[in-house]
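Right, one structure below, let's go through it.
The values are calculated or read from the model by the stated rules, or taken from the named source; none is laboratory data. Keep in mind it's a predicted model, so treat the numbers as computed, not measured. A quick note on method: Cβ atoms are made from the backbone with ideal geometry, for glycine too, and the neighbour counts reach across all protein chains shown. The area values use the complete protein model at the heavy-atom level, side chains included, leaving out ligands, DNA and RNA. Shrake-Rupley method; radii C 1.70, N 1.55, O 1.52, S 1.80 Å.
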Amino acid sequence: MREYCEQLIISIANYILENKCTVRSCASAFGISKSAVHSYLNTKLKNIDLDLYEDVRALLEYNLSVRHLRGGESTKKLYENKNRQLL
């Protein structure tokens, strides 16, 4: 069972690096919660593969730094769609 869990964590890490996606979209792709993905990538991956952990950590830090930009774009699209429906 431990070997399966390690393979799953490595698969999640590789997926997030290949697609440069967010934790939320990765969780949706694997059908697990974003809390689980976050836990796997921040705590358990460090004990399995340190180099992979550092790469994933850099991507997660980048996602954190642009989070406010993504939120702004999402809000902008929301209000544009609402305005279109009113016209």
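Would you pick out the residues in the stretch 7-34 that are open to solvent by less than 50 Å² (accessible area, probe 1.4 Å) and among the hydrophobic types (A, V, I, L, M, F, W, C)? If the condition is that a residue be open to solvent by less than 50 Å² (accessible area, probe 1.4 Å) and among the hydrophobic types (A, V, I, L, M, F, W, C), then LEU8, ILE9, ILE10, ILE12, ALA13, ILE16, LEU17, CYS21, VAL23, CYS26, ALA27 are the ones that fit. Being open to solvent by 90 Å² or more (accessible area, probe 1.4 Å), out of contact with any Cys (no Cβ under 6 Å at 6 or more places or on another chain) and hydroxyl-bearing (Ser, Thr, Tyr) is a description that applies to TYR4. Output the residues belonging to the stretch 58-69 that are surrounded by 11 or more Cβ atoms within 10 Å (Cβ to Cβ) and either in contact (Cβ under 8 Å) with a residue 12 or more places away in the chain or farther than 19 Å from ASN19 by Cα (or both). Within the stretch 58-69, LEU59, LEU60, ASN63 qualify. Annotation note: of ARG24, ARG84, the sole residue that is at pLDDT below 95 and touching a helix residue (DSSP H, G or I) at 6+ places or on another chain (Cβ under 8 Å) is ARG24.
Scanning the stretch 35-57 for any residue that is in contact with a Ser or Thr (Cβ under 8 Å, 6 or more places away or on another chain) and surrounded by 11 or more Cβ atoms within 10 Å (Cβ to Cβ) turns up nothing. Looking across the stretch 20-60, the residues that are under 18 Å from ARG70 (Cβ atoms), part of a helix (DSSP H, G or I) and of a type in the set (S, T, N, Q) come down to SER25, SER28.
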